[in-house]
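Asks: Quick one: structure below, then a few questions.
Please treat every number below as a calculation from the coordinates, not as lab data. Treat the numbers as computed from the prediction; the structure is a model and nothing was measured. Here the Cβ positions follow ideal geometry from the backbone for every residue, glycine too, while neighbour counts run over all protein chains shown.
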Amino acid sequence: MTFLLELENLHYGYPGQSKAALQGASLQIAGQQKIAVIGRNGSGKSTLFLHCNGILRPTQGKVYFVGQPLSYNRQALRELRQKVALIFQNPEDQLFSASVLQDLSFGPLNLGLNHAEVERRIQNVAELCEITELLARPTHALSGGEKTRVALAGILAMEPEIIVADELISSLDPWMRRQVFTIFQRLIKQGKTILLATHDLEVARNWADLVVVMDSGQVLAFDTPEKIFTNATVIEKLNLNEPWYIPFAS
Ligand SMILES: Nc1ncnc2c1ncn2[C@@H]1O[C@H](COP(=O)(O)OP(=O)(O)OP(=O)(O)O)[C@@H](O)[C@H]1O
Ligand SMILES: [Mg+2]
């Protein structure tokens, strides 16, 4: 079987860090699925995501997109990133143009699309992400949640196959969060795949088709939410038996 995205035994250590961030992480994604990626702070979720579109290159192991190992030359990476789009954990890392409109135009123009098509896509994604009123604004002068919405719109304008979203929902208000899940639902219907790193275990339990559990730079488990949340090793590693909320003293 050819997987849409396959990560094979990835190892990666950041310069100057004694402990490797990825220590043999493997994952096979068939496609058209909603996948939640959970795990403690520092378990390697963001590092894994940065390997999905070739921003980081593994020191050992391989990444395959539709059965082909990634090439790391500029042209190949540009093509890959149109299909595998990453939304960074910090949207500031994503937005680099002076205005929102320029930021949204950059990717589609780079694809060589004509101006009419670029405009059509931008209007479409701006409406979807509720940022039409922000188009003329400088990107640096947006709120955190607005930046996240602009980052999402920029990705959607590329019409990618896989959306790899790192903590996308954590900065959004409940209304926008709901809108994002509606957008995700529409994308799934179009045959797209979504990987969402999240600390919200309810999202992993209720929204995802499949859940990836990262632990110490490895994929500890990858299965349906029902299986993940009854898996003894996962329960132990993530302390799932402990209550979530410490009640305020009355
Ligand atoms: N730019 C960096 N330079 C050096 N070390 C890094 C860098 N980014 C991450 N690390 C280290 O790599 C490990 C994995 O980090 P990563 O950001 O992938 O974890 P994460 O699961 O995304 O965590 P979080 O839930 O906090 O977002 C951690 O030990 C972290 O300290
Ligand atoms: Mg992270």
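Asks: With region 134-209 as the region, which helices (runs of 4 or more DSSP H) entirely inside it contain at least 2 residues that are touching a Lys or Arg at 6+ places or on another chain (Cβ under 8 Å), in contact (Cβ under 8 Å) with a residue 60 or more places away in the chain and within 19 Å of L4 (Cα to Cα)?
Replies: 174-189
Asks: Please enumerate the residues belonging to region 210-231 that are free of Cβ contacts under 8 Å to residues at least 40 places away in the same chain, β-branched (V, I, T) and closer than 26 Å to H11 by Cα.
Replies: Listed by number, the residues that qualify are T224, I228.
Asks: Just to verify a result, which residue in region 162-189, among those that are within 14 Å of A204 (Cα to Cα) and within 16 Å of ligand 1 (Cβ to nearest atom), is farthest from the chain's Cα centre (by Cα)?
Replies: Applying the filter and picking the extreme gives S170.
Asks: Output the residue which, of all residues in region 32-79 that are within 15 Å of ligand 2 (Cβ to nearest atom), surrounded by 16 or more Cβ atoms within 10 Å (Cβ to Cβ) and without any contact (Cβ under 8 Å) to a residue 60 or more places away in the chain, is farthest from the chain's Cα centre (by Cα).
Replies: L56
Asks: I would also like to ask the following. In this structure, does L7 turn out to be part of a strand (DSSP E or B), within 20 Å of the chain's Cα centre (by Cα) and either among the hydrophobic types (A, V, I, L, M, F, W, C) or away from ligand 1 (no atom under 12 Å from the Cβ) (or both)?
Replies: yes
Asks: Can you tell me which of V84, V118 is in contact with a helix residue (DSSP H, G or I) (Cβ under 6 Å, 6 or more places away or on another chain), under 15 Å from E6 (Cα atoms) and away from ligand 2 (no atom under 16 Å from the Cβ)?
Replies: Sole residue among the options that is in contact with a helix residue (DSSP H, G or I) (Cβ under 6 Å, 6 or more places away or on another chain), under 15 Å from E6 (Cα atoms) and away from ligand 2 (no atom under 16 Å from the Cβ): V84.
Asks: What are the residues in region 165-180 that are surrounded by 15 or more Cβ atoms within 10 Å (Cβ to Cβ) and of a type outside the set (S, T, N, Q), if any?
Replies: A165, D166, E167, L168, I169, L172, M176, R177, V180
Asks: Something else: Across region 120-144, what is the number of residues that are loosely packed, with under 15 Cβ neighbours inside 10 Å and of a type outside the set (S, T, Y)?
Replies: Going through region 120-144 one residue at a time, the tally reaches 11.
Asks: Same structure again: If we scan region 42-52, do we find a residue that is away from ligand 1 (no atom under 15 Å from the Cβ) and in a loop (DSSP other than H, G, I, E, B)?
Replies: no
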